[in-house]
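First comes the structure, then the notes that go with it.
The values are calculated or read from the model by the stated rules, or taken from the named source; none is laboratory data. Since the structure is predicted, the reported quantities are computational estimates derived from the model, not experimental observations. Positions of Cβ are generated from backbone atoms using ideal geometry, with glycine treated the same way; all protein chains shown enter the neighbour counts. Heavy atoms of the whole protein, side chains included, go into the accessibility calculation; ligands, DNA and RNA do not. Shrake-Rupley method; radii C 1.70, N 1.55, O 1.52, S 1.80 Å.
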Amino acid sequence: MMPTTQSKLQNQPITVLVQTLSHDGRGITTINGITAFIEGALPNETVLCQITKKHRNYLEAKTLEVISAAPERTEPKCPHFGVCGGCSMQHIKAGSQIEFKQQSLLEQLQRFGKVSPKEILAPLTGSSWGYRRRARLGVKYVKKKERVFVGFREKMSNLLTDLKICLVLHPSIGERLTDLTLLIESLTQYEHIPQIEIAVGDNEAALVFRHMRELPAEDLDKLSAFGQKFQLSIYLQPNSPAPITKLWPKDSQELLTYALPEYQLNMQFHPLDFVQINGEINQHLINLALTLLAPEPTDTILDLFCGLGNFTLPLARYAKQVTGIEGAKEMVNRAQQNAALNQINNVDFHTANLMEPSDSFPWLQKKYDKILLDPPRTGAKEIIPYLAKLSAKRIVYVSCNPATLARDAGELVYKLGYTLKKAAVINMFPHTNHIEAIALFEK
Ligand SMILES: C[S@@+](CC[C@H](N)C(=O)[O-])C[C@H]1O[C@@H](n2cnc3c(N)ncnc32)[C@H](O)[C@@H]1O
């Protein structure tokens, strides 16, 4: 049985002084000697809170009232803040969010890698709203309410938020969520559409409707009419192996595009391809990666986890040869097409599973002057030991997970002999607790 004091704590609101912020944006304090994570509370604030869940070693709580607010606090702009799991930092001023993220990056580098950069570069920032060009929305028919919900998951829950608007999504879709909900409710197959993928290119926004049952002509007509009315391309994603097809407009091409004007590049992508979520920040990120890597006309460069060539092709404008490595065959094909489209010949691409590397990979038989790494959240632990014999004097690591960046940085520094020269936090995902970062290693 729980001690009485704790049972009481669960029911009664308590006033606490918040000490620090957790990596996911919750206030941290101790209550009766137990660490408590308080939703909606900021460091140095006095809040009235209620414990919502007791775990063996920690408590979870939610803020009922802010008694004395921190200077970093601001009014959240989105009506769904606090419910939707998409953004957890809208109650923090934009400048303070990025300061917090930088602090979190440095702490994690120290904690998981025992490293700290010689220089911390200014954070890369851009627009805070309407920035998101790729997302997956959940769709569910809720029988009890006799309604369709379209949205992201609620905080710490599997339920979908009933979103009316999303202020971080590109406005061509973020402002159309009510129309989208009504559209799905009007379909005969409204119970068999579990998700919608969103992809926004420079001149076109696309919705990819996943459907578990075949859609009759009447539903297809409604989807096409919706696309036409709101100038959105409509794709259908039936159960695989049936291919994804474009429903509307019929006569246009399947791929979207984004331009990288500073490199005279036009990149094509399929709506389900990986693209960096924030197009504006992506351009700043490429600029910074190139500044740090400093490609020269004699350089051979290895771009690991290259995707559709987002860094490979800009690098190729300045280097002798760039080799891009990627796990997904269709992304390698896209990278090759993008190279051809932009008449770039000094690149070669290879498909390889970098989580299961092998000495026999042909591209590991050469030396490289410089290496760029941009792995998924799990990081690049498996391939890092193989970098030892490549003799690169510079490595630029782009990361969407500071914990795995820190772990891998520790390997690069203590096992491979590199120095962590510089690091910066990149505000790729404003208002969310996701942290994107870049680091430069040199030998
Ligand atoms: C963060 S994305 C970066 C893509 C690209 N650099 C860009 O900026 O668009 C990570 C990439 O790693 C690829 N990837 C994931 N797992 C992989 C694996 N085991 N081996 C090789 N590539 C993998 C994904 O397909 C994706 O393209």
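Observations on the structure shown:
- Here the range 378-422 is the region considered, the condition is being away from the ligand (no atom under 14 Å from the Cβ) and hydroxyl-bearing (Ser, Thr, Tyr), and the residue that is modelled with the lowest pLDDT is SER391.
- Residue list for the range 47-76, filter: part of a loop (DSSP other than H, G, I, E, B) and surrounded by 14 or more Cβ atoms within 10 Å (Cβ to Cβ): ALA69, ALA70, GLU72, THR74, PRO76
- Which listed residue, of ASN338, ASN346, is away from the ligand (no atom under 12 Å from the Cβ), in the same structural domain as TYR418 (by TED's automatic domain parsing) and more than 23 Å from LEU416 (Cα to Cα): ASN346
- The set of residues in the range 361-377 being within 12 Å of the ligand (Cβ to nearest atom) and crowded, with 18+ Cβ neighbours inside 10 Å consists of LEU372, LEU373, ASP374, PRO375.
- Pair list, Cβ < 7 Å and 6+ apart or interchain, from the range 188-217 residues that are among the hydroxyl-bearing types (Ser, Thr, Tyr) to residues that are assigned to a strand (DSSP E or B): TYR190/TYR141; TYR190/VAL148
- If the condition is being over 13 Å from LEU304 (Cα atoms) and touching a Pro at 6+ places or on another chain (Cβ under 9 Å), then the range 320-348 contributes only LYS320.
- Qualifying positions in the range 349-360 - within 11 Å of the ligand (Cβ to nearest atom) and of a type in the set (Gly, Ala, Ser): ALA352
- Residues of the range 79-117 that turn out to be closer than 28 Å to LYS421 by Cβ, of a type in the set (Phe, Trp, Tyr) and open to solvent by 40 Å² or more (accessible area, probe 1.4 Å), as a count: 1
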